[in-house]
Structure formats: structure tokens, C-alpha cells
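Scroll down for the structure; my scribbles are underneath it.
The values are calculated or read from the model by the stated rules, or taken from the named source; none is laboratory data. All of these numbers come straight from a predicted model, not from anything done at the bench. For neighbour counting, all protein chains shown are included, and Cβ atoms are generated from backbone atoms with ideal geometry for every residue, glycine included. Remember, those area values only see protein heavy atoms, side chains included, never the ligands or the DNA or RNA. Shrake-Rupley method; radii C 1.70, N 1.55, O 1.52, S 1.80 Å.
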Amino acid sequence: MVDMNRIRSDWPGKEAVFQPEDQSRSAEVGKDVFEMMDRYGHEQVIFCRHRGSGLKAIIAIHDTTMGPALGGCRMAPYGSTEEALEDVLRLSRGMTYKCGAADVDFGGGKAVIIGDPKRDKSPELFRAFGRFVGGLNGRFYTGTDMGTSPEDFVHARRESRCFVGLPESHGGSGDTSMPTALGVLQGMKATALELWGSEDLSGRTVAVQGVGKVGARLVRLLVEEGARCLIADVDGSRVDALREAFPDAVEPVDVGAVHAVSCDIFAPCAGGGIINDETIEELKCRAVVGSANNQLEDDRHGDRLHERGILYAPDYLVNAGGLIQVADELSGYNPERVMAKTRSIYDMLLEIYRLSREQDIPTYRAVDRLVARRMEQVADLRRIFLGL
Ligand code: NAD
């Protein structure tokens, strides 16, 4: 049932040009779509078109063993329908693993809207999208991702209740960076326990790449724990703000060299793919624990970290705090419950480290195995008839 091939949700649409009438590509997709679904193990793919608003969207539901599919909605000027389909298939499969690792009762799904977020957005477009999501009758819940904002989904929410991550003024839980940063901190504590026999981070040096919403909160939490932070960000004003706030505990380092400074933990909190052929041999840390999605450019980089004895906290487990928060909205948002669940990332990561140690496998493989086992257990439970 569970496809153990690894997924990578890279970002292929960045430089692409949207070609709205690319018929030949669409025909190609039609021919291969079932094959692509089989390759990734998908249950359902829905193509959504509303001519009035210009909506072209694809919703992919990967696996609902653990519950309704949950995953963000991306908007981007994809170069072709095929490219959009490939992205939504890979991202939705990633969500199955992410939900499984976070132990929330949701499966994996994702949506993409084909269009330029700066030019093609309108209330009608999101309302049309909302009607398609509503038509799935609770099989799929979605919200913000790259290219979309919580405000966009205020329009979509008028057509269906299946939207999460709305602004607080509209009943949503708001910014997810706090639980995300807390989850990363818990990951660091578990890592410290694994490496040094104590979860105490005081006196440890952490190099943080990217001090945006999550990175800056993480630095604050680390300073409270008595750690020293080496920080880098392409936006110098963000570095300056933290340096002013914590002159004794924070030190700026060069943006191009933050991964290569000597430290206890390297925390990637900017873009993906930071652990790659160029950076991996330059790392001078004992562990990599950060919020960025898709930190390993390729699986083999996870293997190489394992060989080098650098402990890698799988990104989709340690950055699950935000997911835990939006999933909680569907049970009536409770911040204390979110924080308690986020703290449990600590125990889950220790379990991953144990599996990795005992079976001598890289941690990214250990977390996949754990999720596969969890899904099998849930599938087994669902064999019990609930009654009519
Ligand atoms: P953000 O945009 O607020 O912050 C990212 C920061 O990284 C910015 O300050 C940016 O200037 C900086 N940056 C970009 N490229 C850089 C580079 N090459 N070197 C140094 N700094 C660079 O985003 P965020 O919400 O803080 O998210 C950070 C990462 O965590 C992203 O990869 C995101 O996908 C992931 N993540 C975030 C959440 C969340 O709840 N916000 C949840 C899960 C995962």
C-alpha cells in the first residue's frame, strides 16, 4: 500500500512561462495520468476548470488511509499542465508522509492553481476553486502555500468549509511560525540528548540560515535556552534586528558560508536543497536540524550525512508544528493542544534516531519506515466495522 520511494518537492515552476493554450501538452498528460498516479500511488486526481474566472487547478489526493487529505494550495505560472501535474503529485505524496510523521489524522493531498499570483488572482477565481473543493465533500482540506495567502482563502471559504489557515479575523489560527519554531527547538533538544547525553542546549553553538518568520523565533527560543547563535540572512535588516536584541548571544556570519561554520548544530531555515554536492563536504557541524522544507537535494545526500556521522533530523518531522496547528483548526483550534502535540516531536525524533542507530540506516529512511508502519496500523484498525 505504501510506496517507499522517496519524494522530493522541488520547485520546478519558478522560471516557467504560463502557456494557457498548450493543447499538445494536455493531450500528453491525458495519456499518462494513470501511469503517473500508479508511479506515486495516488487515489484520485481532479482537474478543475472554470472559464469565467480563468481557473485552472489540479487537486491530487494521494492517500486517505489515515483520514481526509490535507495539504496546501500553490499558485504558480507553470510552463505546462504536465509540469503542474508532476508538482502536485509529488507534493501531495509528501503530505502523506508529513501527516504520518506528525501523527495527525489526515492523509496527503495538495492543489495547484495554474496562473501568475501577481496577475491572475481574483475573488471569483478562489470562489470557483472553493466550489470544486466543496464538491469533494470533505475528502480534501487545503489552505495557503507558495503563491497564495490566507486572504485568498477567505473568498474560497464562502463556498466550502474545507479551508484551513485563514486569518484570525476569519476564525483561522493565524501565523504558524511559532509552533514550527517550537518543533525545531524540540528537535534540537532530542538531537542534543542523542549526541551528548543531555538535552541541555546552553553553551551550544547553532548556525541558523535564514532568520525570517521561523528562523527569528527559533533564535529567540535558543537564546532563552542559553545557546549561542551564528546567523545569516540575505535580508540584512533581519540580522540587525536580532543582533540588536541579543548582542551577547547572536553573531552574524557570511550568507555564503553559514553552512560551513564550525558549530554544534546547523539549522537551515531558508530555502530547500541546502544539503547538496557542494555544501555537504563543507559542513562542520554534528547535526542538521532546521525548518526548511526539502533540505536534502537528493536521497544520496541523506546517505552521505549518515556516512559522515552527521545526525540529520528529517525536515518534514521537525517542521511539522505548522501542520499540527492547521490540522487542529478542524477540531476547534486550541493553542495549548497544538503546543503539546508539537512538543511530542521530541519523542518521535528520538524514536527515529533509535531506529536509525539499531538498523544502521539514515534517519530519512527511518522516518519513512515509521510512517509506513503507522499507516499499516491505521489501515488494520479500519477493518473494524463501525456500524451503520
Ligand atoms: P520566511 O520567508 O519568513 O523566511 C525565510 C528567510 O530566509 C527570509 O528572511 C529570507 O530573507 C531568508 N533567505 C532566503 N534565502 C536565503 C539564503 N540563501 N541565505 C540566507 N537567508 C536566506 O519563511 P519562513 O516561514 O520563516 O520559513 C522558512 C523555511 O521553513 C521555509 O523553507 C519554509 O518552507 C519552511 N517552513 C515554514 C513553516 C512555517 O510555519 N512558516 C512551516 C514548515 C516549513
Here the membrane-span-like helices of the chain, with no claim about any membrane, defined by DSSP H, Cα axial extent at least 15 Å and mean Kyte-Doolittle at least 0.5, are 177-196, 213-224
Checking rank on 105-116, 141-152, with mean other Cβ inside 10 Å and highest first, the result is 105-116, 141-152
Here, region 146-257 modelled as identical Cα point scatterers in vacuum has Debye log10 I(q)/I(0) at q = 0.22 Å⁻¹ of -1.10
In region 217-312 the DSSP beta bridges are antiparallel at a rate, in percent to nearest 5, of 0
The relative contact order of region 177-374, taking Cα pairs under 8 Å that sit 6 or more residues apart, comes to a percentage of 23
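If packing is taken as the average count of other Cβ atoms within 10 Å, what order do 222-230, 255-263, 87-95 fall into, highest mean first? Before the final figure, lay out each step's value.
Working: 222-230: 19.8, 255-263: 16.8, 87-95: 25.1.
Averaged packing, sorted descending, gives the order 87-95, 222-230, 255-263.
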Under the 7 Å Cα-to-Cβ spin-label approximation, SER237 and ARG49 lie apart by a distance in nanometres of 4.4
Each label sits 7 Å from Cα toward the beta-carbon; between VAL255 and GLN377 the label points are separated, in nm, by 4.4
Taking protein heavy atoms only, a 1.4 Å probe, and rounding to whole percent, the accessible area of the chain owed to carbon and sulfur comes out at 47
Percent antiparallel among DSSP beta bridges confined to the chain, rounded to 5, stands at 30
Distance in nm between LEU195 and ARG131 label points, each 7 Å along Cα→Cβ, equals 5.4
From DSSP H assignment alone, runs of 4+ in the chain each adding -39500 (n - 2.57), the sum over residues rounded to the nearest 500 puts [θ] at 222 nm at -13500 deg cm²/dmol
Taking a probe of 1.4 Å and leaving out DNA, RNA and ligands, the chain shows per residue an accessible area in Å² of 44
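For a quick protection proxy, order the peptides 170-181, 320-331, 371-382 by their average other-Cβ count within 10 Å, most packed first.
Ranking the peptides 170-181, 320-331, 371-382 by packing returns 320-331, 170-181, 371-382.
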Cβ-Cβ cut-off under 14 Å around LEU283, Lys and Arg +1, Asp and Glu -1: the net charge is -3
